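Every number in this text was worked out from the coordinates using simple rules, so none of it is lab data. Everything numeric in this text was worked out from a predicted model, so none of it was measured. All Cβ positions, glycine included, derive from the backbone under ideal geometry; neighbour counts span all protein chains shown.
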Amino acid sequence: MQIVVSLCDLTGNFVRPWAEAGFDCYCVDIQHSIRRDRIEQFGAGRIHYVWGDIRTWTPGGPDESTYRRDMLAAGRAHLLR
């Protein structure tokens, strides 16, 4: 499953096109509920509204190491320019 992570995203408007295309999107913001995540279905994908501080939040789940590796690789590409 393909994942989009949007940091400091309260509304989810930015990731809606990706959700409609079938991506699993995570909108991370400290203004979302800390007690319970909210999930909305858009087209073939979903938007997860999760609480998190962008300085410490990491995606959870069985493939967490894959997400971290992909994020590190994306950041490294910009540093090498």
Checklist entry - For the range 1-53, what is the percent of antiparallel DSSP beta bridges, rounded to the nearest 5? => result 30
Item to check | Nonlocal amide H pairs with V5, under 5 Å, H built at 1.01 Å | outcome: Y26
Item to check | Highest average packing first - 41-48, 23-30, Cβ atoms within 10 Å | outcome: 23-30, 41-48
Item to check | At R0 = 22 Å, FRET efficiency that the Cβ-Cβ distance of N13 and W57 yields, to 0.05 | outcome: 0.65
